[in-house]
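Enquirer: Please find one structure pasted underneath; my questions will follow.
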Amino acid sequence: MNKEHLLQRVSGMIMSSTYKPKYAVLSSAKIANLMDTTHTAVEKGLQELVAEGRLQRSVLSDSPHYQIYLLPGQEHAEVLTQSR
C-alpha cells in the first residue's frame, strides 16, 4: 500500500467535502475498491497516517457518532470531539 497515494486520495475526498470544517466519513472498503487493494491495507495505511500526524481522526459529537478524518489543523470543537 502506497501511503502517499492513499493520502492524496483521502485528501481529495476531504477537500471535496461540503462540510464546515472540511471532513470526510471514509469507507475503507470503498477506498480499497478504488485503489485495487484490501480494506485491511487501507485501514493500516490510515492508522499510520494518523500516527504520523498527516491526518486527524475524530468522532462526530452528535448521533450517529461517525468516525471522521480531517486534514491537520481543521478541528472545530463544536462539531467534533477528539478520539483517543
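Enquirer: Using a 7 Å offset from the Cα along the Cα-to-Cβ direction at both GLN67 and GLN47, what is the distance between the two label points in nm, to one decimal?
Expert: Output for this residue pair reads 0.9 nm.
Enquirer: Using P(r) over Cα pairs in 10 Å bins from 0, in percent as the read-out, say which of (1) 15, 29, 16, 15, 18, 6, 1; (2) 18, 54, 26, 2; (3) 17, 41, 27, 11, 3, 1 was calculated from these coordinates.
Expert: Entry (2).
Enquirer: A follow-up question, please. Would you be so kind as to identify which of GLN67, LEU46, ALA32 lies farthest towards the positive end of the dipole of segment 3-82, taking Lys and Arg as +1 and Asp and Glu as -1 on Cβ and the Cα centre as origin?
Expert: Checked the options; the winner is ALA32.
Enquirer: Continuing with this model, one more query. Taking the Cα-to-Cβ direction at GLU4 and at LEU34 and moving 7 Å from each Cα, how far apart do the two end points lie in nm?
Expert: Each label point is offset 7 Å from its Cα along the Cβ direction, giving 1.9 nm.
Enquirer: Tell me, what is the percent relative contact order of the chain, built from C-alpha pairs under 8 Å that lie six or more residues apart?
Expert: 29
Enquirer: Based on DSSP H runs of at least 4 residues, each adding -39500 (n - 2.57), what is the mean residue ellipticity at 222 nm of the chain after dividing by all its residues, to the nearest 500 deg cm²/dmol?
Expert: For the chain, the value works out to -12500 deg cm²/dmol.
Where a number appears in this text, it was derived from the coordinates with a stated rule and is not lab data. Because the structure is predicted, anything quoted here is derived from the model rather than measured. Because the Cβ atoms are built from the backbone with ideal geometry, glycine has one as well, and the counts that use them run over all protein chains shown.
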